[in-house]
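Novice: Mind looking over this structure? Questions follow.
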Amino acid sequence: MRTLAFVSLLALAPAAAFAVEISVGGTPISVPAPAGCAEVTDAMKPYSDLSKKFVPPANEQFALFLEEAQVALARSGAMPQSARRFYVQTTRDMMQPTIAASDFAELKKVVKTQNDEVMKKAEAAMPGIFEKLNKGITDTYKVDLNLTMTQMLPFPTHDESDASLSYSTFLKYNVTGADGKPSVFEGVVTTTFIYLRGKILFLYINAEKNDLEWSRTASKQWTGQIFAANPAIAGVAQTATASRLTALDWSKVGNNALIGGFVGGIIGLVIYLFRKSKG
């Protein structure tokens, strides 16, 4: 049963919005499009193909949204460049099990108290992830961008309920332009963990570095939309098997959530440099 902690989130939800119906390990979940946005579908090539390269191997992505004007560009075959992106992921390890509320509480505790340790693990994984990303872009598009992550600065959690937790991260990347000179890109990502229907999802909003507060407000509104679209199923969280969930490493889950936001945040810059390199 949903608690009073959700009231503020539900109050922020717009009355109606187009929704994407996803399945998380067989559990149906409705994901409304954020206000003013539309879904990027597989038919919107080449952008849809490029965007898939920015999903970490450990995560599954269920939906990607851009502002409506940007989706119109993708539909026409152009490459949207906007830094503002909304997407939904979770780790592959959490797809099948039904997760209890107490386990979500444990994940929140890890995120709030061990974020420095989780960040170090994410930083250690970045070189390998970006090496594969660079190779994939070079092999497919014949452009060598030499992407690297130079700084990740997480802010303390700024919003929390029984079924959600949000924090933002400042991101800084280095890339090599067509002229061979290094360039710097800075941005932010607001990550929200949500717990509903016995599943945990990661909601991401990427934006330019000056849009931190916008990303936080947009995340809270989108979270409210999603809870409103998915009424609680009585008893679903109590069906999880303790033996399965004890195998989940919550610091690893937090690490994979961090990486999803870092990798997804760079696609706007990649498209800009891709266009520039092609003249």
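The values are calculated or read from the model by the stated rules, or taken from the named source; none is laboratory data. Values in this document were obtained by computation on a predicted structure and should not be read as measured data. Cβ sites come from the backbone with ideal geometry, for glycine too, and all protein chains shown count toward neighbours.
Novice: In region 54-67, which residues are of a type in the set (F, W, Y) and either part of a strand (DSSP E or B) or more than 25 Å from T138 (Cα to Cα) (or both)?
Specialist: Here is the first cut: in region 54-67, the ones of a type in the set (F, W, Y) are 54, 62, 65.
If the condition is that a residue be of a type in the set (F, W, Y) and either part of a strand (DSSP E or B) or more than 25 Å from T138 (Cα to Cα) (or both), then F62, F65 are the ones that fit.
Novice: Here's a check for you: in region 110-129, which residue that is in contact (Cβ under 8 Å) with a residue 24 or more places away in the chain and basic (K, R) is surrounded by the most Cβ atoms within 10 Å (Cβ to Cβ)?
Specialist: Here the answer is K121.
Novice: Let me ask something additional. Only strands (runs of 3 or more DSSP E) wholly contained in region 121-214 count here; list those with 3 or more residues that are closer than 22 Å to L50 by Cβ and of a type outside the set (S, T, Y).
Specialist: Working: elements: 148-154, 159-161, 164-176, 182-196, 199-208.
Once the strands (runs of 3 or more DSSP E) in region 121-214 are filtered for at least 3 residues that are closer than 22 Å to L50 by Cβ and of a type outside the set (S, T, Y), what remains is 164-176, 182-196, 199-208.
Novice: Considering only region 95-105, state which residues are of a type outside the set (G, A, S) and crowded, with 16+ Cβ neighbours inside 10 Å.
Specialist: Residues satisfying the conditions are P97, T98, I99, D103, F104.
Novice: What pairs come up if the first residue lies in region 67-94 and is surrounded by fewer than 18 Cβ atoms within 10 Å (Cβ to Cβ) and acidic (D, E), the second is part of a strand (DSSP E or B) and modelled with pLDDT under 95, and their beta carbons are under 7 Å apart, counting only those six or more places apart or on different chains?
Specialist: none
Each row is one residue, and each column tells you yes or no for (1) of a type in the set (S, T, Y); (2) more than 20 Å from K112 (Cβ to Cβ).
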site	(1), (2)
N134	no, yes
I137	no, yes
L153	no, no
H158	no, no
S164	yes, no
N174	no, yes
P182	no, yes
G187	no, yes
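Novice: Hey, could you check region 77-114 for residues that are among the basic types (K, R) and assigned to a helix (DSSP H, G or I) and say which is nearest to I29 (Cα to Cα)?
Specialist: Keep residues of region 77-114 that are among the basic types (K, R), which gives 84-85, 92, 108-109, 112.
Checking which are assigned to a helix (DSSP H, G or I) leaves us with 92, 108-109, 112.
Working: R92: 16, K108: 21, K109: 25, K112: 26 Å.
By that ranking, first place goes to R92.
Novice: Moving on to the next point. Out of the residues in region 149-171 that are modelled with pLDDT under 80 and either β-branched (V, I, T) or buried (at least 18 other Cβ atoms within 10 Å of the Cβ) (or both), state the one that is farthest from the chain's Cα centre (by Cα). Talk me through it step by step, then tell me what you get.
Specialist: So the first thing to find is which residues in region 149-171 are modelled with pLDDT under 80, and the list is 149-151.
Checking the rest, the ones that are also either β-branched (V, I, T) or buried (at least 18 other Cβ atoms within 10 Å of the Cβ) (or both) come to 149-150.
On the way: M149: 17, T150: 20 Å.
By that ranking, first place goes to T150.
Novice: I would also like to ask the following. Within region 68-76, does at least one residue satisfy the condition of being assigned to a loop (DSSP other than H, G, I, E, B), modelled with pLDDT of 90 or more, under 16 Å from G261 (Cα atoms) and not β-branched (V, I, T)?
Specialist: Let us first name the residues in region 68-76 that are assigned to a loop (DSSP other than H, G, I, E, B), namely 76.
Pick out the ones that are also modelled with pLDDT of 90 or more and you get 76.
Remaining after also requiring under 16 Å from G261 (Cα atoms): none.
No, region 68-76 has no match at all.
Novice: Further question: Confirm whether G36 is in contact with a Lys or Arg (Cβ under 7 Å, 6 or more places away or on another chain), over 18 Å from N255 (Cβ atoms) and surrounded by fewer than 18 Cβ atoms within 10 Å (Cβ to Cβ). Break it down stepwise before answering.
Specialist: Numbers: in contact with a Lys or Arg (Cβ under 7 Å, 6 or more places away or on another chain): no; over 18 Å from N255 (Cβ atoms): yes; surrounded by fewer than 18 Cβ atoms within 10 Å (Cβ to Cβ): yes.
When the stated conditions are applied, G36 does not pass them.
Novice: Kindly evaluate Y47 against the criterion of being among the aromatic types (F, W, Y) and more than 16 Å from the chain's Cα centre (by Cα). Give the derivation first.
Specialist: Values: among the aromatic types (F, W, Y): yes; more than 16 Å from the chain's Cα centre (by Cα): yes.
So Y47 fits the description; yes.
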